[in-house]
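S.K.: If you scroll down you'll find the structure; I have some questions about it.
Each value in this text was obtained by applying a stated rule to the coordinates, not by laboratory testing. These numbers were taken from a predicted model, which means no experiment stands behind them. No Cβ is skipped: glycine too gets one built from the backbone with ideal geometry, and neighbour counts run over all protein chains shown.
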Amino acid sequence: MEGIILSSRYGNYEVLDSNRNIEICKPRGLFRHKHIKLVVGDRVVISEDELLITEVKERKNYLLRPNIANIDELVIVMSAIDPDFSSLLLDKFIAYAHFFKINPNVIISKIDKMSNKNFFDEKINYLSKIGVRVIKYSNITKEGLEEIQELFSNKIVALMGQSGVGKSSLLNALSPQSKREIGEFSKSLGRGKHQTKEVVLIPYENGFIADTPGFSSLELPFYKDDLANCFMNFAKYAKDCKFNNCLHIQETFCAVKKAVEEGNISCESYENYLKLSEDLILRKDRF
Ligand SMILES: Nc1nc2c(ncn2[C@@H]2O[C@H](COP(=O)(O)OP(=O)(O)OP(=O)(O)O)[C@@H](O)[C@H]2O)c(=O)[nH]1
Ligand SMILES: [Mg+2]
Ligand SMILES: [Zn+2]
């Protein structure tokens, strides 16, 4: 019988089978021998008698953090405040998603805490130009909830973001019976409580939503040249750079830098690119 992995704990996997029953299954030893690590979202075949996972289907996509496979939409949740909105972090998360070939959406949460509701409009316009959909949301006034319901229906959606931005709160608003535990945001520490500890798929409107543990930091698992390719707003110009391995930093005849000067690429996004690039090494330095 086929099923989907909803959660995993200590080597046991919760599988929702095609009869809508939840079974606790163990993987066949074969997976360990072949170094195949099953993750939430994996489509699997289980043997009914022994409750063993015998086969895993080919993945449509895969994301390392949150660790999940086969999603239809990735939604980056970034709060307007508490924790503070960070354009740098948002561009980092978006680049991270693109590295895994996933085009993300963004929810700006806690919008009720902003006196100027249009504060993010410039960033939102820029993101929509590069194909990233942005929804402003408040768990207090429920502004944005209908748009979120429409986006999430009939799909497998994964939420991603820092601890304390309100991922589990949003899940409770969408699906009250899911009863996700909520953690307080600590002003003094400047972060959430890491309330959610595991990735878990919650059934929602003919699909699923994955609640996931929040990050305190996210390391980009790639090289400088990957980063250049993950800034999708550069792509249109990068093909005209003189050097085809141009990183758009010190090189001459760089069409990306020219586009920044001419106002076609936002200075903020280019500066975020430079900052993120500082932490990464060149691929050739590795070998
Ligand atoms: N004012 C306001 N507070 C919110 C909103 N959404 C969530 N909160 C509060 O933010 C805090 C953190 O919420 P959670 O839903 O636990 O955040 P999380 O993203 O799931 O955090 P982790 O599980 O630690 O990753 C709680 O105190 C919530 O009540 C919102 O839209 N507006
Ligand atoms: Mg949570
Ligand atoms: Zn260039």
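S.K.: When the convex hull of the Cα atoms of the chain is projected onto a plane and the area is averaged over all directions, what value comes out in nm²?
M.R.: One quarter of the hull surface, i.e. the mean projection, equals 17.3 nm².
S.K.: Quick check for you: which residues of segment 1-18 have the amide N under 14 Å from the point 7 Å beyond the Cα of LYS37 toward its beta carbon?
M.R.: Within reach of a label on LYS37: 8-11.
S.K.: May I pose another question? Given N residues in segment 2-56, what is Rg(Cα) / (2.2 N^0.38 Å)?
M.R.: 0.98
S.K.: Quick one: which of LYS123/LYS236; LYS123/LYS284; LYS101/LYS258 span more than 31 angstrom between C-alpha atoms?
M.R.: LYS123/LYS284
S.K.: Looking only at segment 62-211, where both bridge partners belong to it, what percent of the DSSP beta bridges are antiparallel (to the nearest 5)?
M.R.: Around 35 percent antiparallel, to the nearest 5.
S.K.: Can you sort HIS98, HIS35, HIS194, HIS248 by how many other beta carbons sit within 10 Å, fewest first?
M.R.: HIS35, HIS194, HIS98, HIS248
S.K.: With 10 angstrom as the radius, rank ILE281, ILE202, ILE36 by how many other C-beta atoms surround their C-beta, starting from the fewest.
M.R.: Taking fewest neighbouring Cβ atoms as first place, the list is ILE281, ILE36, ILE202.
S.K.: Can you pull the percent of Cα pairs in segment 51-187 with separation above 28 Å? Mind showing how you got there, number by number?
M.R.: Details: 1648 of 9316 pairs.
Summing the P(r) of segment 51-187 above 28 Å gives 18 percent of all pairs.
S.K.: Give me the mean projected area, in nm² to one decimal, of the convex hull enclosing the Cα positions of segment 148-226.
M.R.: Averaged projected hull area, Cα only: 6.6 nm².
S.K.: Is the C-alpha gyration tensor of segment 224-286 telling us rounded, prolate or oblate? Criteria: a/c under 1.5 is rounded; beyond that, a/b larger than b/c is prolate, otherwise oblate.
M.R.: Oblate is the answer for segment 224-286, as a/c is 1.5 or above yet b/c matches or exceeds a/b.
S.K.: Among CYS230, CYS254, which comes first, second and so on when ranked by fewest other beta-carbon atoms within 10 Å?
M.R.: The most exposed by this proxy come first: CYS254, CYS230.
S.K.: Once amide H atoms are placed 1.01 Å from N in the peptide plane, what residues at a sequence separation of 5 or more from ILE107, or on another chain, have their amide H within under 5 Å of its amide H?
M.R.: ILE76, VAL77, MET78, ILE135
S.K.: If you place +1 on the Cβ of every Lys and Arg and -1 on the Cβ of every Asp and Glu, how big does the dipole about the Cα centre of the chain come out, in debye to the nearest 20? Walk me through the numbers before you get to the answer.
M.R.: Numbers: 40 positive and 39 negative charges, 109 e Å.
That gives the chain a dipole magnitude of about 520 debye.
S.K.: Could you state the number of Å between the C-alpha centres of segment 235-255 and segment 1-45?
M.R.: When both Cα centres are located, 45 Å separates them.
S.K.: Show which lysines lie in cross-link reach of LYS187 when reach means a straight Cα distance below 17 angstrom and same-chain residues fewer than eight apart are skipped.
M.R.: Once the sequence-local lysines are set aside, what remains near LYS187 is LYS110, LYS113.
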